[in-house]
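Encoded as structure tokens, the structure appears first; notes follow it.
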Amino acid sequence: MDTINYEHPPVFDVLGSKDPYILIRKLFIDYGYTRVVKLFTKICFIFHSAAFLMQIYFIIDNFTWDLLTEYGSITSIQAFLLANMFFSMVVEGDVKTILGQHFNKLWSIDSAGQKGRRIITERSKAIKRFNYVILAYFLFSFVVIWPEFGDHKELFFAKIAFEAYLGLWAKIPCAVFLLTLPVLAYGSFQLCYTLVYSILHMQIQIFLISEHISQISADYDEVDEWAKIHDLNYQETMYKRLRCCIKHHIALKRILRNILQRVKSTMITLIFLGAICFICLLSYIFNIGENASNILKMRLICLISCAQIVSCIYCAAGQLLIHETGCIHMVLMNSPWYIWNIKNRKALLIFMSNCLEPIKFSLAGITLNHELIPI
């Protein structure tokens, strides 16, 4: 049985190699916020914003309901991606603050012993394999969108706007537009994965608290229960360990509240834009019907499935957090409270009351859980 240090649990090293989700951190945080990548991202954002404004001007200048119906959905999706990219750049300071100030207070995955570390490692490997599949599918979707497989005028309105206003020079911005699409996609996914990275680490911390509680009296297993009842040293030790777990549980709630406060306005805007995109895309699909080419149908399937995958990633991460919180309550109920003194039982009741409402990621009345997963 591993001995757990309740007095001074090992602290999580943010920059260390023991991070179970180091792939997400390296790809979307460490690499994503380097000086070179930030500069290139800003240039691409400016270019795609200019292209977006040119498309809006073309729609206004040549307004017809057919034109709005045909390209309104694609334009709204582009606005959603640009908003994601913009907010990814805006929250950089908040991300660094959260990682620097709050994540240094988290427990290490070694704090609950080898068994807890093994469970966390197995879960992180499953999530890593899932991320590899998702990234491969995103790459496949980009390949399908590439113009070598068919004219992309049906899907991307920018080419029509470029040709209308730039004439022979339109080939250059069209090429730049296509070549920088991966950067636009990366910038839009960066915020999603940064948020998911935080949620996954909150889930790990909840699991570690459960492991600490389940082993709270493991080093006293050989002592008779009657002796424990009258052992003042045992009762005081249990109180200190309970207090340690309660303190960390409250700290996690504060961290999550801080994260929610920082991204609240951002997520409300993105939820609003996402709803508009969904409505516009459904309208577009119903209008084109059987007239759409096979390559356009495949491209639309790729776009819709990518959006569904991102939504499922958000919801699955939130559901994991809710599930682990429920596990804490069950572990507390199974603790040896019947041999604890009144002081320890009061601490246990306070802890249980704090766990009645699960720690969840909720914004604007919308909670990230399995019920929100789109079908």
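The values are calculated or read from the model by the stated rules, or taken from the named source; none is laboratory data. Treat the numbers as computed from the prediction; the structure is a model and nothing was measured. Positions of Cβ are generated from backbone atoms using ideal geometry, with glycine treated the same way; all protein chains shown enter the neighbour counts. Accessible surface areas use protein heavy atoms only, side chains included; no ligands, DNA or RNA. Shrake-Rupley method; radii C 1.70, N 1.55, O 1.52, S 1.80 Å.
Given (1) buried (at least 20 other Cβ atoms within 10 Å of the Cβ); (2) farther than 13 Å from Ser335 by Cβ; (3) of a type outside the set (A, V, I, L, M), identify the lone condition not met by Asp224.
(1)
Quick one: how many residues across region 79-101 are surrounded by 15 or more Cβ atoms within 10 Å (Cβ to Cβ) and either free of Cβ contacts under 8 Å to residues at least 60 places away in the same chain or among the aliphatic types (A, V, I, L, M) (or both)?
Of the residues in that region, 12 qualify.
Those residues that are β-branched (Val, Ile, Thr) and open to solvent by less than 70 Å² (accessible area, probe 1.4 Å), I need them from region 48-60; list them, please.
Of everything in region 48-60, those that are β-branched (Val, Ile, Thr) and open to solvent by less than 70 Å² (accessible area, probe 1.4 Å) turn out to be Ile56, Ile59.
Of the residues Leu208, Leu178, Leu200, which single one is open to solvent by less than 30 Å² (accessible area, probe 1.4 Å) and farther than 30 Å from Ile119 by Cβ?
The match here is Leu178.
With the condition kept exactly as written, say whether any residue in region 61-71 is open to solvent by 20 Å² or more (accessible area, probe 1.4 Å) and more than 29 Å from Ser283 (Cα to Cα).
no
Quick check: is even one residue across region 134-154 under 21 Å from the mean Cα position of the chain (by Cα), under 25 Å from Val90 (Cβ atoms), surrounded by 13 or more Cβ atoms within 10 Å (Cβ to Cβ) and not hydrophobic (A, V, I, L, M, F, W, C)?
No, region 134-154 contains no residue that is under 21 Å from the mean Cα position of the chain (by Cα), under 25 Å from Val90 (Cβ atoms), surrounded by 13 or more Cβ atoms within 10 Å (Cβ to Cβ) and not hydrophobic (A, V, I, L, M, F, W, C).
From the list Glu148, Glu163, Glu154, which residue is modelled with pLDDT of 80 or more and within 28 Å of Leu281 (Cβ to Cβ)?
It is Glu163.
So Asn104 fits all but one of (1) open to solvent by 30 Å² or more (accessible area, probe 1.4 Å); (2) touching a Pro at 6+ places or on another chain (Cβ under 8 Å); what number is the exception?
Asn104 satisfies every listed condition except (2).
For residues that are open to solvent by less than 60 Å² (accessible area, probe 1.4 Å), in a helix (DSSP H, G or I) and touching a residue at least 60 places away in the same chain (Cβ under 8 Å), tally how many sit in region 28-47.
Of the residues in that region, 6 qualify.
Name the helices (runs of 4 or more DSSP H) wholly within region 103-194 that hold at least 3 residues that are of a type in the set (S, T, N, Q)?
Those helices (runs of 4 or more DSSP H) span 113-145.
I'd like to know if region 53-61 contains one or more residues that are acidic (Asp, Glu), assigned to a helix (DSSP H, G or I) and modelled with pLDDT of 85 or more.
Yes, the conditions are met somewhere in region 53-61.
Does at least one position in region 108-123 carry a residue that is over 30 Å from Lys253 (Cα atoms) and either exposed (fewer than 15 other Cβ atoms within 10 Å of the Cβ) or β-branched (Val, Ile, Thr) (or both)?
Scanning region 108-123, I find no residue that is over 30 Å from Lys253 (Cα atoms) and either exposed (fewer than 15 other Cβ atoms within 10 Å of the Cβ) or β-branched (Val, Ile, Thr) (or both), so the answer is no.
I need the full set of residues from region 171-218 which are in contact (Cβ under 8 Å) with a residue 12 or more places away in the chain and either among the polar types (S, T, N, Q) or out of contact with any helix residue (DSSP H, G or I) (no Cβ under 9 Å at 6 or more places or on another chain) (or both), in order please.
Selection gives Thr180, Ser188, Gln190, Thr194, Ser198, Gln203, Gln205, Ser210, Ser214, Gln215, Ser217, Ala218.
Provide a single number: the residues in region 335-352 that are in a helix (DSSP H, G or I) and open to solvent by 30 Å² or more (accessible area, probe 1.4 Å).
9
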